[in-house]
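Asker: Before I ask anything, let me first share the structure, which is written out below as structure tokens.
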Amino acid sequence: MQHLKTLFVLFFLSTSIAFSQERPREKGIIFGVLPTGALNAITDVPGVKVGHFTKNKGDNIRTGVTAILPHSGNIFQQKVPAAIYVGNGFGKLAGVTQVQELGNIETPIILTNTLSVAAGIEGTVRYSLEQNENAQSVNAVVGETNDGYLNDIRGMHISPEEVIQTIKSAQSGKVEEGNVGAGTGNVCFGWKGGIGTASRKLPESLGGYTVGILVQTNFGGNLQIDGVAVGEKMGKYPFRDAMEKSDGSCMIVVATDAPVLDRNLERMAKRSMMGLAKTGGIASNGSGDYVVAFSTAEGLRIPYSAKSGTLENAEFIRNDDMSSLFMAVIEATEEAIINSLFAAETMEGKDGHRVEQLPIDQVMKLMKEN
């Protein structure tokens, strides 16, 4: 019992049933020691909005788009400090070099499938140009995972218009998890994966800041839940059979209202990979594991139209005070990944492929035995 501590905007293009499963925390599985935000979601960070577009159509289309907005204003005009960390680079993350070079993000962050990154770029750029008549260049940040086992990925079924629709649909409040948005066709640890989210709220003595995480889980390894080797005990882990693979990808988005500049945001992003490792992920050779981190602190925003020669004057957290934020990132990332598995449902897709949902009852039995 050691591990059982006491205690929409969603568009469907075909008939789909919305459901609400209990999250791990509601079943008594508590990850770490820090308290969560009110919703235990990335939207606990003030101003952050999330939109999903789910394309579940016919026998072969199982894909979608997820948009994360750092704030409600014009992001191009009021850029936010940001950083990107590459855990393993077998993937396609558009916009990465400009973020690394300048330390900010100027568009919504888009997640979709591998072959729809181009549509994600076009939709994001068009959305930004609508808001900024004089803009001549826009750096769209678009990440992906490969949903080709369940989805007809070669059909490139996501359009720029659908990306724009997703951005405009973004809201604060509860974030749908599982088979939604960019996570619609994902597979994680051999079971159905998808979108997951979680948050941590630091005590006032540590600044009272909030850290929120959103993940798109499509990777492999030996699943562990709160330290219990669930994958091993259930006989579902990589290399058990030489023909099995553990490749895939995981996109992780880190948001915080703490006044953190890009250098320390990158340090926070690195800690997300530690949270992924706690779930048993191995960042395999064929896995694209990327972390995008940003701060919503208003005092750190970068105005597009600042007068030339203007000196910046900002207050930000010292290195010595970052450790609690590191811990918050690790705990929330671990929980967000497991949340995605608990929320996802069994799905059939392309060529009759079927991926089962995580057998929650069996998992809970194993948790109680440990």
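The values are calculated or read from the model by the stated rules, or taken from the named source; none is laboratory data. Bear in mind the structure is a predicted one, so any value in this text is a computation, not a measurement. Ideal geometry is used to build each Cβ from the backbone, glycine not excepted, and the neighbour counts take in all protein chains shown. Just so you know, the surface numbers come from the protein's heavy atoms only, side chains and all, with ligands and any DNA or RNA stripped out. Shrake-Rupley method; radii C 1.70, N 1.55, O 1.52, S 1.80 Å.
Asker: Which condition from (1) under 16 Å from the mean Cα position of the chain (by Cα); (2) farther than 24 Å from HIS71 by Cα is the one that ALA255 breaks?
Answerer: (2)
Asker: Any residue at all in the range 57-67 that's farther than 22 Å from LEU150 by Cα, open to solvent by less than 40 Å² (accessible area, probe 1.4 Å) and among the small types (Gly, Ala, Ser)? Write out each step before concluding.
Answerer: Quick first cut of the range 57-67, residues farther than 22 Å from LEU150 by Cα only: none.
No, every residue in the range 57-67 fails to be farther than 22 Å from LEU150 by Cα, open to solvent by less than 40 Å² (accessible area, probe 1.4 Å) and among the small types (Gly, Ala, Ser).
Asker: While we're looking at this one, here's another question. Taking the options THR217, THR197, name whichever one is open to solvent by less than 10 Å² (accessible area, probe 1.4 Å) and touching a Phe, Trp or Tyr at 6+ places or on another chain (Cβ under 9 Å). Step through it out loud before you land on a result.
Answerer: On the way: THR197 fails: touching a Phe, Trp or Tyr at 6+ places or on another chain (Cβ under 9 Å).
Going through THR217, THR197 in turn, the sole match is THR217.
Asker: I need a count of the residues in the range 353-370 that are part of a helix (DSSP H, G or I) and open to solvent by 60 Å² or more (accessible area, probe 1.4 Å).
Answerer: Step one: of the range 353-370, the residues part of a helix (DSSP H, G or I) are 360-369.
Filter once more, so that each one left must be open to solvent by 60 Å² or more (accessible area, probe 1.4 Å): 361-362, 365, 368-369.
Residues meeting the conditions: 5.
Asker: In the range 144-151, is there at least one residue being surrounded by fewer than 22 Cβ atoms within 10 Å (Cβ to Cβ), at pLDDT 95 or above and closer than 24 Å to THR217 by Cα? Write out each step before concluding.
Answerer: Of all residues in the range 144-151, those surrounded by fewer than 22 Cβ atoms within 10 Å (Cβ to Cβ) come to 148-149.
Now narrow it down to the ones that are at pLDDT 95 or above: 148-149.
Subsequent filtering for residues that are closer than 24 Å to THR217 by Cα retains 148-149.
Scanning the range 144-151 turns up at least one residue that is surrounded by fewer than 22 Cβ atoms within 10 Å (Cβ to Cβ), at pLDDT 95 or above and closer than 24 Å to THR217 by Cα.
Asker: May I ask you to verify whether ASN339 is part of a helix (DSSP H, G or I), in contact with an Asp or Glu (Cβ under 8 Å, 6 or more places away or on another chain) and either over 21 Å from HIS71 (Cβ atoms) or open to solvent by less than 20 Å² (accessible area, probe 1.4 Å) (or both)? Before you say what the answer is, go through the steps one by one.
Answerer: Numbers: part of a helix (DSSP H, G or I): yes; in contact with an Asp or Glu (Cβ under 8 Å, 6 or more places away or on another chain): yes; either over 21 Å from HIS71 (Cβ atoms) or open to solvent by less than 20 Å² (accessible area, probe 1.4 Å) (or both): yes.
In short, yes.
Asker: Mind checking which residues of the range 89-104 are closer than 25 Å to THR184 by Cβ and either of a type in the set (D, E, K, R) or open to solvent by less than 40 Å² (accessible area, probe 1.4 Å) (or both)? Steps first, please.
Answerer: Restricting attention to the range 89-104, the residues satisfying the condition of being closer than 25 Å to THR184 by Cβ are 89-96.
Correct list: GLY91, LYS92, LEU93, ALA94, GLY95, VAL96.
Asker: Another one. Quick test for you: out of SER20, SER14, pick the one residue that is over 20 Å from the mean Cα position of the chain (by Cα), at pLDDT below 95 and surrounded by fewer than 11 Cβ atoms within 10 Å (Cβ to Cβ).
Answerer: Details: SER20 fails: over 20 Å from the mean Cα position of the chain (by Cα).
Of SER20, SER14, the one residue that is over 20 Å from the mean Cα position of the chain (by Cα), at pLDDT below 95 and surrounded by fewer than 11 Cβ atoms within 10 Å (Cβ to Cβ) is SER14.
Asker: To continue, here is another question. Mind checking whether some residue in the range 116-134 is open to solvent by 30 Å² or more (accessible area, probe 1.4 Å), at pLDDT 95 or above and touching a Gly at 6+ places or on another chain (Cβ under 9 Å)?
Answerer: yes
Asker: Here's a follow-up. Do you know which of the residues in the range 222-245 that are open to solvent by less than 80 Å² (accessible area, probe 1.4 Å), hydrophobic (A, V, I, L, M, F, W, C) and over 14 Å from GLY281 (Cβ atoms) is modelled with the lowest pLDDT?
Answerer: Across the range 222-245, the extreme among qualifying residues is MET234.
Asker: Right, here's the next one. Could you please give the count of residues in the range 187-235 that are closer than 20 Å to GLU22 by Cβ, out of contact with any strand residue (DSSP E or B) (no Cβ under 6 Å at 6 or more places or on another chain) and among the charged types (D, E, K, R)?
Answerer: 1
Asker: Select from the range 298-324 the residues that are in contact with a Lys or Arg (Cβ under 7 Å, 6 or more places away or on another chain), open to solvent by less than 50 Å² (accessible area, probe 1.4 Å) and either in a loop (DSSP other than H, G, I, E, B) or within 20 Å of GLY207 (Cα to Cα) (or both) and list them in ascending order.
Answerer: Within the range 298-324, just MET322 meets the criteria.
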